[in-house]
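Below is one structure, written out as structure tokens; the observations come after it.
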Amino acid sequence: MKSRVAALVMCALLVLYLVLISARAVEFMQTGVPIAVVIGIALFVLPILGVFALVYEIRFGVKTEQIVNQLSSEGGLPVDDVARRASGRYEREEADAAFPGYAAAVEQAPGDWRAWFRLGLAYDACGDRRRARATIRRSIRMRGAASKSRATA
């Protein structure tokens, strides 16, 4: 729930920024001074890139939540029994000890998006966010491909 609120706040701030900065961008471009025109263009382009990044991350969050809900209803979520620190992060040693089982599951069933998702959760528990996100994105793509193949069959 906190993540949703944070995402909504970020969206609202980005929209507010776009509205407020647009007038300044137009003023810069109307001066006719080359460097001011470049600054005005940047004031439009950079927030637009931010919007694309925000939408990309929101889509990732929504699809991840859909997978979590599906796996939860199927009873396929891993048991969260790894000890946590006071900060809420997993104890690295325990997470590292549980990791090989998830990696082995992917090796045994490389086409199973559920196994890939659980591996992504294991990467996250081990503190490797970059690999966790990449693995979860792979799971999302595989799930989408599986859904399309079922729909056409």
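Among the candidates ALA42, ALA25, the residue that is farther than 23 Å from ALA7 by Cβ and surrounded by 14 or more Cβ atoms within 10 Å (Cβ to Cβ) is uniquely ALA25.
Exactly one residue out of ALA97, ALA53 is hydrophobic (A, V, I, L, M, F, W, C), free of Cβ contacts under 8 Å to residues at least 24 places away in the same chain and farther than 18 Å from ILE140 by Cβ, and it is ALA97.
Values in this text are rule-based calculations from the coordinates and carry no lab data. These numbers come from a predicted model, not from an experiment. No Cβ is skipped: glycine too gets one built from the backbone with ideal geometry, and neighbour counts run over all protein chains shown.
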